[in-house]
Amino acid sequence: MTERITSGQNSKIKALLALQEKSRERRKQGLFIVEGRREFGLCLAAGFVPDSIFYCPEIFGAGGDRAPSEVGLRPTPPPASPAVPPLPGRGRHVLQGLYPLQEETKIFEVSREVYEKIAYRDGTEGIIAEMKVRTLGLEDLHLGAQPLVVVLESVEKPGNLGAILRSADAAGADAVIVCDPLTDLFNPNLIRASLGALFTTQTVTATSEETIKWLKSNRVQIFTAQLQDSDLYYEADFRGPTALVMGTESTGLTECWRQAADRRIRIPMQGRLDSLNVSVSAAILLYEALRQRS
């Protein structure tokens with residue numbers, strides 16, 4: 001039986017909004033929010049399990065992106081005519097026709113007014129889900145023969161981390177390791193900024209000390225991005241197992257990474273400023289690695 005919610009004061013809606021807004025609630029409940037067909041499909045394909053789905057039949061039935069077929073799930077049927085919206089009460093039937101859902105997944109149909117209250121942005125196609133958190137560690141990473149890893153030390157802004165994940169996905173990086181994180185990996189702003197790349201690239205958190213030890217034990221060369229005592233990035237050889245290590249724009253990398261570096265590299269700066277946004281720097285270095293490996 002699918003429950004229909006028409007009031008923004010419903011306790012389930014209040015709980016969802018709390019998960020969106022508070023990392024404390026996400027940790028306490030072991031849940032996080034995914035919004036939109038593309039992100040939801042990628043999250044499912046990565047093995048995450050939905051606890052609850054909030055579905056607006058009027059919006060969902062009007063079409064959206066092609067996420068299910070893009071991530072190997074069942075293809076989206078032709079959109080319903082706007083004049084004949086999907087019938088209320090058929091949410092589980094409709095969604096199970098698209099996604100491999102478990103029977104215990106709770107499905108709530110919400111009115112358009114309620115959906116507009118809980119949706120953070122336009123164009124999310126009428127679906128928001130509460131997903132069960134699954135935390136991975138360094139020992140869970142699977143690396144290729146010549147791995148390319150991005151390491152980020154204390155990156156604070158969710159938007160920057162999301163943009164780096166998109167670049168890592170595009171360049172085919174094996175993994176992203178966030179050391180001593182200052183932002184919640186399941187922050188909704190991070191997931192939105194990554195466009196779901198959080199679920200397409202192996203992403204874990206660890207301390208800097210743990211990560212250095214893990215990289216060295218796996219014979220991955222450590223390239224630190226820093227201005228001092230460094231070579232131009234395109235003079236370095238990215239073709240072997242490589243970790244690209246970047247810190248915050250304000251303070252850079254801590255001394256432990258400077259000491260652990262096999263090579264220190266920099267991006268040339270011709271203007272008056274001495275740094276790029278960390279997500280831009282990551283994209284430049286990732287695509288140099290891709291260029292050399294192609």
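Side notes on the structure shown:
- Applying the criterion of being outside any loop (DSSP other than H, G, I, E, B) and modelled with pLDDT under 95 to the residues of segment 260-278, the residue that is farthest from the chain's Cα centre (by Cα) is Arg266.
- All positions within segment 109-155 that are part of a loop (DSSP other than H, G, I, E, B), under 22 Å from Thr203 (Cβ atoms) and acidic (Asp, Glu): none
Conditions (1) of a type in the set (A, V, I, L, M, F, W, C); (2) at pLDDT below 95; (3) more than 21 Å from Trp214 (Cα to Cα), marked per residue:
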| site | (1), (2), (3) |
| --- | --- |
| Asp122 | no, yes, yes |
| Lys132 | no, no, yes |
| Thr135 | no, yes, no |
| Gly144 | no, yes, no |
| Val150 | yes, no, no |
| Val176 | yes, no, no |
| Leu185 | yes, yes, no |
| Asn189 | no, yes, yes |
| Leu198 | yes, no, yes |
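- Taking (1) surrounded by 22 or more Cβ atoms within 10 Å (Cβ to Cβ); (2) outside the structural domain of Thr251 (by TED's automatic domain parsing) in turn, Tyr120 satisfies each apart from (1).
- Note on segment 155-180: residues that are among the small types (Gly, Ala, Ser) and surrounded by fewer than 18 Cβ atoms within 10 Å (Cβ to Cβ) amount to 3.
- Candidate set from segment 195-235 (those that are among the small types (Gly, Ala, Ser), in contact with a helix residue (DSSP H, G or I) (Cβ under 8 Å, 6 or more places away or on another chain) and within 21 Å of Glu288 (Cα to Cα)); member that is surrounded by the most Cβ atoms within 10 Å (Cβ to Cβ): Ala225
- Close pairs from segment 165-193: first closer than 16 Å to Ser281 by Cα and in a loop (DSSP other than H, G, I, E, B), partner at pLDDT 90 or above and not basic (Lys, Arg), Cβ under 7 Å, at least 6 apart: Ala173/Leu148; Ala173/Val149; Ala173/Val150; Ala173/Thr201; Ala173/Leu286
The values are calculated or read from the model by the stated rules, or taken from the named source; none is laboratory data. Treat the numbers as computed from the prediction; the structure is a model and nothing was measured. Using ideal geometry, Cβ is built from the backbone for each residue, glycine included, and neighbour counts are taken over all protein chains shown.
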